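A short write-up of the structure that comes next.
The values are calculated or read from the model by the stated rules, or taken from the named source; none is laboratory data. These numbers were taken from a predicted model, which means no experiment stands behind them. No Cβ is skipped: glycine too gets one built from the backbone with ideal geometry, and neighbour counts run over all protein chains shown. Areas reflect the complete protein model, heavy atoms only, side chains present, ligands, DNA and RNA absent. Shrake-Rupley method; radii C 1.70, N 1.55, O 1.52, S 1.80 Å.
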Amino acid sequence: MLVLQRLQVPDMQHQILSADHQSQTSLRSLGIIPIFCSAIAMVISGNFLLSAPLAAAAELFTEKPVVSQKAGSTTIQLTLAEETDLEIAIVNSHGQVVRHLAAGAVGSKAPPPAPLKRGLTQTIVWNGLNDDGLPAKGGPFQVRIRTGMGVKVDAAAGGDPYAWWTEDSGQGDHAQFRLTGLDAKADGSVYLFGNITPYGLPALRRYDARGNFVRTVFPPPADHQATSVEGWGINKRSDGTWTLQANYSWGGHTSEWTLMTGTKGNIWSGRLVPTPEPDKLCLVSLPLGGNRMMYFGTDGKLPQWNPQPALGGEPLPEKGLIRSFFTALSPDGKHLYISGMSTLQDGFWREGQVWQVDLATRQTRIYYSLGDDERKNRTAIGHSAACPYSAFQGVAVDRDGRVFVCDRMNKRVLVLDPKGKVISELPVENPDAIAVSPTSKAVYVTTRFGNYSGNGKLELLKFTDWTKKAPATVHVLLRNGIGKRQESSLLTVVEDKGETLVWVGYTQLPVRIYRDRGEKLELVKNFYEAGPQRALDLQHMTLDPKTGDLYIADSQGFLSRMRDWKKPLFEPCMLDAKTRLNASTIAIDTRSRHLYSRNHYRDPVHRWNLDGEYLTPAPIEGSNNIIPPVTCAWVFTGLWERGMAACPAGLATLGVVVDGTGGRWDNYQGPITYFRAHGAKTPWPAQPFTGIGGQRPNTGGIAFDRQGNLYVGIVDIKPTNVLPGFEKDKDYQAKIGRIHKFSATGSMASGNLFPTVPAKASTVYDIQYGPLMHYPRFTVDDFGRIYYPNGLLPQVGIIDNEGNRILSFGTWGNRDSLAGLPGDLVPTKDVPMAWPNSVAADDNYIYVSDILNARLLRLAKTFSSTQLIPLK
């Protein structure tokens, strides 16, 4: 298990911007700083990463800490031997913290406000009250003193290599889940390409012939040298490692021109096409994306991006090719056959044709074309905007060079000899994809139809002998209720140990593998059931610090909960045995034990009782609509919820104030509105923070501390000190923000934290927080320490409330890197992450959601010294 310990190093240069400062120099080296920089020496020992040298616990203090008690108060006195981070708490007889007294970096720099002070000698007084200002219960008590925070990876959940699409997500027709490639190699390896999140983040994975996961090809693994992956578009970190650049047009990861992600929500992302080389893969982009293709290694290496024309000879139509895209490789590996893509206009690229591409020259010729009479009945193909089809769909080639074409318009499969002459046909309605057996005359065909209402059907057929014009001998129903998808089904055949294995894929399937038993197709593996988890979007996460339960909201309005890390499951949050709670943003009031939720678009904020098997309504005055609709979040366009936070004295949300005329709510920039709890009346009164960044402040992430101060993530300036290696990344500079603190103008006791709007932030933590594309979430713990992600480094940083750096951790790693946990295929020297987007923390653990790897990490806090001193 990987362990990171905080290093005792010279203080890094930084600056906290305060409203009282006349000169606000902006130096962005506070917070997330690469751990493996030249100023920091690391020693690797097995799976443990420690500082060198690490002081023994006794050496951290010049003398033993002294605790004295008098007249109901407790005084803790200590002197540290060196600068470090310090944490002092009171714990009860069960080891639970009842009072968070102080935490921060101490030494030459200014620590957080009282009770800490500058210097190594500290005196802390406890008045016997708990964090809520009430007499502490649960004694006998102990003083707990911890120094030198570090982390170790304790557990992981998600990252399922069989998870692609899921029913546990809304907006099915707008979510960007897709499968667009299936390539079987001669050695039995099968490569599957598609999108694994609702907003289109891509993955390319390798499996063996029977569907056992082997490794991740893309995102590329962390053990590659930077020079071998530069073609993907990377940033080189100062420690010699690298991370992928990002594309923000729709939230895709890696630059658009690599064809891994495309425009218009990745609808036109690249298609994986077969190659004759055993160690090479190919992506092609034709529709709307230009005439491009790219080759890269099956190990994920791409030293240089060198796009080539996919098709040569006749110019492509000005508006590109449309609809489906099917390919097949000739048995000699010299030609590629293409069908499906076409234009409705007459000419070289008209519909109802198969093209042959010379792979050496890319020259393209028409191999076969329907006659004018044969393509009159275009309505027969069942085309619609939601489910587009072509006159010709799938294409396949057998070992003797015969070409098989799915002729959807004429309800048949055509069999052509190597010269393009029709030699046979098979009757079949709605043919989609096709594959042929490499050892027999068997032909496999998928049939597909559907419309926007999703009432279609996907089937797999087997024709025993293509030379006989007989109907299919085997029918397998794959799925009812399909539709609203622009991608086609995928089909390939693999021979393994004398058995024929048929792979069939579709976005809503997503993959099944069948063994051909002659008269039946026997299911070998169902990807939708193979993996233990179905949660694929872990975008926003909130922690209940009392129970340790995590609540995870995806970008489509589905809310899950994780309660047991010994057997981690993403359980849907339920209102009763049959009704799930849909919520795209939530907040927890841990003292009153309420959960506030709001679904996307124009929904109000609701309140629920937090404890219990179900989340039951907690209405006020008979209404569970605590706050009227205040935001318009079109989740399927990337304009997600920007955040919501609750405290016992009120509720704040990021959104736009309601348009009184009921007009279009088109301000997605996240203005802040504070709602004061108003006894037994609803709706609660609203207080817009009108002076903060104007009406379009570009916010993301919000939190309260225990004193009622408000923290907001805002992109307000371009980074003034971009970290080495990121200087040319324009997206990085445009989307990285800072965290602003707004001191309460009221009080917790009054029940109104903000009777007046702050004119400006009291403190600006000049850190690199973000990117504000998926509107990340940071957290403020009960000591006032701030934990925040930078999804593009990728790292997580921890600072105290004054802004002093406590710890940073994280390095690039795809889902194959697990920090020493079971299944760790690619070890790393730091905590492996691809895109940390939400961070939560309690006294003992830090939780990180990694949206590109679709997994959660739990990290246990470690300390170089822990002292427990009993109280009488």
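Below is a table of values for the structure above.
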item	result
Test: residue in region 415-428 that is on the phi > 0 side of the Ramachandran plot, in contact (Cβ under 8 Å) with a residue 12 or more places away in the chain and not in a strand (DSSP E or B)	yes
Scan of region 71-86 for residues that are out of contact with any strand residue (DSSP E or B) (no Cβ under 8 Å at 6 or more places or on another chain) and farther than 26 Å from Thr862 by Cα, ordered by number	Ala71, Gly72
Test: Thr467 is open to solvent by 40 Å² or more (accessible area, probe 1.4 Å), β-branched (Val, Ile, Thr) and either touching a residue at least 40 places away in the same chain (Cβ under 8 Å) or over 22 Å from Gly518 (Cα atoms) (or both)	yes
All strands (runs of 3 or more DSSP E) inside region 43-154 with 2 or more residues being over 30 Å from Thr811 (Cα atoms), open to solvent by 60 Å² or more (accessible area, probe 1.4 Å) and at pLDDT below 95	66-70
Test: residue in region 758-766 that is among the acidic types (Asp, Glu) and either in contact with a helix residue (DSSP H, G or I) (Cβ under 7 Å, 6 or more places away or on another chain) or free of Cβ contacts under 8 Å to residues at least 40 places away in the same chain (or both)	no
Strands (runs of 3 or more DSSP E) wholly inside region 168-265 that include at least 1 residues being open to solvent by 20 Å² or more (accessible area, probe 1.4 Å), of a type outside the set (S, T, N, Q) and at pLDDT 90 or above	178-184, 202-207, 213-218, 234-236
All positions within region 401-450 that are touching a strand residue (DSSP E or B) at 6+ places or on another chain (Cβ under 7 Å) and of a type in the set (Ser, Thr, Tyr)	Ser424, Ser437, Thr439, Tyr444, Thr446, Thr447
Any chance Leu509 is in a loop (DSSP other than H, G, I, E, B), crowded, with 24+ Cβ neighbours inside 10 Å and aliphatic (A, V, I, L, M)	no
Test: residue in region 767-785 that is of a type in the set (Ser, Thr, Tyr), closer than 13 Å to Ala156 by Cα, open to solvent by 20 Å² or more (accessible area, probe 1.4 Å) and part of a strand (DSSP E or B)	no
Residues within region 696-734 that are part of a helix (DSSP H, G or I) and buried (at least 21 other Cβ atoms within 10 Å of the Cβ), tallied	1
Answer residue from region 412-463, given it is of a type in the set (Phe, Trp, Tyr) and under 20 Å from Ala380 (Cα atoms) and is least open to solvent (accessible area, probe 1.4 Å) among those	Phe449
Filter result (among the aromatic types (Phe, Trp, Tyr) and surrounded by fewer than 17 Cβ atoms within 10 Å (Cβ to Cβ)) within region 296-340	Trp305
Which numbered condition Thr653 misses (of (1) β-branched (Val, Ile, Thr); (2) under 27 Å from the mean Cα position of the chain (by Cα); (3) in a strand (DSSP E or B); (4) at pLDDT 80 or above)	(4)
Selection count where residues are touching a strand residue (DSSP E or B) at 6+ places or on another chain (Cβ under 6 Å), among the acidic types (Asp, Glu) and in a strand (DSSP E or B), scope region 455-498	1
Residue ranges of strands (runs of 3 or more DSSP E) in region 521-562 with at least 1 members open to solvent by less than 10 Å² (accessible area, probe 1.4 Å) and without any contact (Cβ under 8 Å) to a residue 60 or more places away in the chain	550-553, 559-562
